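First the structure, then my questions, so here it is.
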Amino acid sequence: PILVLDFGSQYTQLIARKLRESGVYTEVVPYRESIEDIKARKPQGIILSGGPASVYAEDAYKPDEGIWDLGLPILGICYGMQLITQHFGGSVIAADHHEYGKAKLHIENENSPIFKDVAQDSIVWMSHGDRAERLPEGFEVVGTSENSPYAAIANESKHIYAFQFHPEVHHSVEGTHMLKNFAKYICGCESTWNMGSFAKEKIAQIRAQVGEKKVLCGVSGGVDSSVVAAMLHEALPKEQLICVFVDQGLLRKDEAEQVQDMFKLLDIPLITIDAKKEFMEALAGVTDPEQKRKAIGEKFIEVFDKEAGKHTDVSFLAQGTLYTDVIESVSVKGPSKTIKSHHNVGGLPDWMTFELVEPLREIFKDEVRKLGLELGLPKHMIGRHPFPGPGLAIRVMGEVNEEALRLLRESDAIMQEELRSTGYYDKVWQAFTVLLNVQSVGVMGDNRTYDNTVCVRMVESVDGMTATFAHIPHDVLEGISRRIINEIDGINRVVYDISSKPPATIEWE
Ligand code: XMP
């Protein structure tokens, strides 16, 4: 594969995605991956991503020095270019003004393989503060732009290339072509990779890793864990796979049945544990959001561990960890601040002795969806909105009780129905209702009411890291509001959340 070292650019994911879309398998790893781990991945070429820092900063992110001696082709992008320039003895300066936006790239050396079949002049996207001032020895300029005399440089004999611009972003018109040229002509990669070959490869890896032992797979009904379960099911004989679904009593209306039906359809045996009582007890009197999350996380592991104890020879725990989870928990800036304690990643207690099976660690949500289709999961399941591990508990402001859960379940179900019937379900990334701890006065018929408020939250997002509130037509909102107030006893007001993330978050707790 091609290995991308991530120095923290917001575009790093795009490099991998563009290459994979061109059929070249690409993995992203944090910039400080050790040389042993890098070698173990057997890369054919390395890409150094952009990043927000300056190579001269005292705590500048530096890769393992060993990468320079591997003899592999290297492509540096933006910050990656600065690293290459500095390492090979050139110099980098802080530009007096940051250069953002479109620039015209002019190719100075058409014979460079990186520009094979690329138009001589094309639009590229710049976004940088520092730039190379003096070329390192052995390098020549292969591309220029009006403001960047060193827009693209190369050491052809060492197969090292560096771009000041970002080829991975959509606005760099020929960018994908250049990345593909790097992979194909410089690294010798074939472009035969697709989700089908990824599935096959991962299934073979799972077999090799697990051997004759058993795997416990936690299932939530969401896309990620279902895809993991489907892969394990392909990879292992039935007796080696134990899929466990914990009904914590915090699920949406009919959700437990839907999950069970889906696993029946996939012909994967599923153990459902009814732990509603235990969870409600653990949540009694708890109102603080973080305490709720902690109480649920702990209970979850406890229930899970008890189940594992009933089976012999369970050595592995399978999880649907995605690349976004990995990069957030090993954030390039070191341990990142806890905004919320996500309990499916990083929340495993030390005493757990399982080894992890995480076949989705290198890919992104939209790729998981493609993979799911490849594995034959039903479409309606692939398109499901994300649902958080702590469930409805973090959508009830204040103490969780049965009445609050009823109001949430009913209002959520109505909203989902309305979204599906108007065709908006697939247009928003996630939609749900929140029960506010607010009562207000209303009038129904001739009577005064003093009832609860439900908030409708709908967001557009790519990966959940950032989000904007969905611009839903008012008549769709009106339909949702009317039905919720008319059909649910105990709710007399519906409001719409118009905040984006950041500074708000998607969930309310
Ligand atoms: P926030 O509220 O942090 O949510 O903006 C971002 C996305 O993550 C989901 N979420 C969770 N998912 N366990 C999960 O599996 C959790 O503890 C958790 N908390 C939030 C949330 O629904 C949104 O899609």
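The values are calculated or read from the model by the stated rules, or taken from the named source; none is laboratory data. Note that the coordinates shown come from a computational prediction; the quantities given were computed from them, not determined experimentally. Neighbour counts run over all protein chains shown; Cβ positions are idealised from the backbone, glycine included.
Select, from VAL173, VAL223, VAL219, VAL215, the only residue that is out of contact with any Pro (no Cβ under 7 Å at 6 or more places or on another chain) and within 23 Å of GLY76 (Cα to Cα).
Going through VAL173, VAL223, VAL219, VAL215 in turn, just one is out of contact with any Pro (no Cβ under 7 Å at 6 or more places or on another chain) and within 23 Å of GLY76 (Cα to Cα): VAL173.
Rundown of residues vs (1) surrounded by 18 or more Cβ atoms within 10 Å (Cβ to Cβ); (2) within 16 Å of the ligand (Cβ to nearest atom), yes/no style:
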| site | (1), (2) |
| --- | --- |
| CYS217 | yes, yes |
| GLY221 | yes, yes |
| VAL227 | yes, yes |
| LEU232 | yes, no |
| ILE242 | yes, no |
| GLU257 | no, no |
| PRO269 | no, no |
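Another question about this same structure. Tally up the residues in region 370-399 that are surrounded by 20 or more Cβ atoms within 10 Å (Cβ to Cβ) and within 16 Å of the ligand (Cβ to nearest atom), please.
Count: 9.
Related question: Residue check: is MET465 in contact (Cβ under 8 Å) with a residue 40 or more places away in the chain and within 32 Å of the chain's Cα centre (by Cα)? Full working, then the answer.
On the way: in contact (Cβ under 8 Å) with a residue 40 or more places away in the chain: yes; within 32 Å of the chain's Cα centre (by Cα): yes.
Yes.
Let me ask something else about it. Name the residue that is nearest to the ligand (Cβ to nearest atom), counting only residues in region 443-463 that are under 19 Å from ARG406 (Cβ atoms) and in contact with a helix residue (DSSP H, G or I) (Cβ under 8 Å, 6 or more places away or on another chain).
Only one residue tops the list, namely VAL456.
Taking the conditions exactly as written (in contact with an Asp or Glu (Cβ under 8 Å, 6 or more places away or on another chain), in contact (Cβ under 8 Å) with a residue 40 or more places away in the chain and not in a helix (DSSP H, G or I)), does VAL141 satisfy them or not? Give the steps one after another, and end with the answer.
Values: in contact with an Asp or Glu (Cβ under 8 Å, 6 or more places away or on another chain): yes; in contact (Cβ under 8 Å) with a residue 40 or more places away in the chain: no; not in a helix (DSSP H, G or I): yes.
No; evaluated as a whole, the condition is false for this residue.
Just to be sure before I move on: is GLU417 within 16 Å of the ligand (Cβ to nearest atom) and surrounded by fewer than 17 Cβ atoms within 10 Å (Cβ to Cβ) in the structure I sent?
On the way: within 16 Å of the ligand (Cβ to nearest atom): no; surrounded by fewer than 17 Cβ atoms within 10 Å (Cβ to Cβ): yes.
No: the conditions fail for GLU417.
Then there is this: If you check GLY188, GLY196, which single one turns out to be among the small types (Gly, Ala, Ser) and either within 16 Å of the ligand (Cβ to nearest atom) or assigned to a loop (DSSP other than H, G, I, E, B) (or both)? Step through it out loud before you land on a result.
Numbers: GLY196 fails: either within 16 Å of the ligand (Cβ to nearest atom) or assigned to a loop (DSSP other than H, G, I, E, B) (or both).
Every option except GLY188 fails the conditions.
So, SER122, is that one out of contact with any Ser or Thr (no Cβ under 7 Å at 6 or more places or on another chain), part of a strand (DSSP E or B) and of a type outside the set (Asp, Glu) or not?
Working: out of contact with any Ser or Thr (no Cβ under 7 Å at 6 or more places or on another chain): yes; part of a strand (DSSP E or B): yes; of a type outside the set (Asp, Glu): yes.
Yes, satisfied.
Quick check on ASP261: is it farther than 23 Å from ILE414 by Cβ and acidic (Asp, Glu)? Spell out how you get there, then give the answer.
Numbers: farther than 23 Å from ILE414 by Cβ: no; acidic (Asp, Glu): yes.
Spelling it out, it is not the case that ASP261 is farther than 23 Å from ILE414 by Cβ and acidic (Asp, Glu).
Would you point out the residue of region 125-175, among those that are surrounded by fewer than 23 Cβ atoms within 10 Å (Cβ to Cβ), farther than 18 Å from LEU83 by Cα and charged (D, E, K, R), that is nearest to the chain's Cα centre (by Cα)?
It comes out as GLU174.
Please go through (1) assigned to a helix (DSSP H, G or I); (2) within 12 Å of the ligand (Cβ to nearest atom) for GLU507 and return the number of the only condition it doesn't satisfy.
(1)
Taking the condition of being among the polar types (S, T, N, Q) and within 16 Å of the ligand (Cβ to nearest atom), how many residues in region 464-493 meet it? So that I can check it myself, show each step before the final result.
Of the residues in region 464-493, the ones among the polar types (S, T, N, Q) are 466, 468, 481, 486, 492.
In the following step, the residues that additionally are within 16 Å of the ligand (Cβ to nearest atom) were identified as 466, 468.
Summing the residues that are among the polar types (S, T, N, Q) and within 16 Å of the ligand (Cβ to nearest atom) in region 464-493 gives 2.
Is there any pair linking a residue in region 205-231 that is farther than 29 Å from PHE387 by Cα and free of Cβ contacts under 8 Å to residues at least 24 places away in the same chain to one that is within 13 Å of the ligand (Cβ to nearest atom) and not in a helix (DSSP H, G or I), with Cβ under 6 Å and at least six apart or on different chains, and which?
none
Determine the pairs where a residue that is among the β-branched types (Val, Ile, Thr), located within region 384-412, has a partner that is within 15 Å of the ligand (Cβ to nearest atom) and part of a helix (DSSP H, G or I) with Cβ atoms under 6 Å apart, the partner being 6 or more residues away or on another chain.
Partner pairs satisfying both residue conditions: VAL400/LEU283; VAL400/ALA393.
Please find, among VAL368, VAL400, the residue that is within 23 Å of LYS294 (Cβ to Cβ) and at pLDDT 90 or above. Let's see the steps before the verdict.
Numbers: VAL368 fails: within 23 Å of LYS294 (Cβ to Cβ).
Answer to the check: VAL400.
List pairs: first in region 112-123 and without any contact (Cβ under 8 Å) to a residue 60 or more places away in the chain and closer than 14 Å to ALA151 by Cα, second in a loop (DSSP other than H, G, I, E, B) and aliphatic (A, V, I, L, M), Cβ under 7 Å, 6+ apart or cross-chain?
Sorted first by the residue in region 112-123, then by its partner, the pairs are SER122/VAL173; ILE123/VAL173.
Also: Given the residues GLU239, GLU168, GLU212, which is the only one that is in a loop (DSSP other than H, G, I, E, B) and out of contact with any helix residue (DSSP H, G or I) (no Cβ under 6 Å at 6 or more places or on another chain)? If you could, list the steps in order and put the result at the bottom.
Details: GLU239 fails: in a loop (DSSP other than H, G, I, E, B); GLU168 fails: out of contact with any helix residue (DSSP H, G or I) (no Cβ under 6 Å at 6 or more places or on another chain).
Selected residue: GLU212, the only one of GLU239, GLU168, GLU212 that is in a loop (DSSP other than H, G, I, E, B) and out of contact with any helix residue (DSSP H, G or I) (no Cβ under 6 Å at 6 or more places or on another chain).
Within region 229-271, track down each residue that is within 23 Å of the chain's Cα centre (by Cα) and of a type in the set (Phe, Trp, Tyr).
PHE245
Just the residues that are polar (S, T, N, Q) and within 30 Å of GLY196 (Cβ to Cβ), please, taken from region 375-433.
Taking region 375-433 and keeping what is polar (S, T, N, Q), we get 401, 411, 416, 421-422, 430, 433.
Correct list: GLN430 only.
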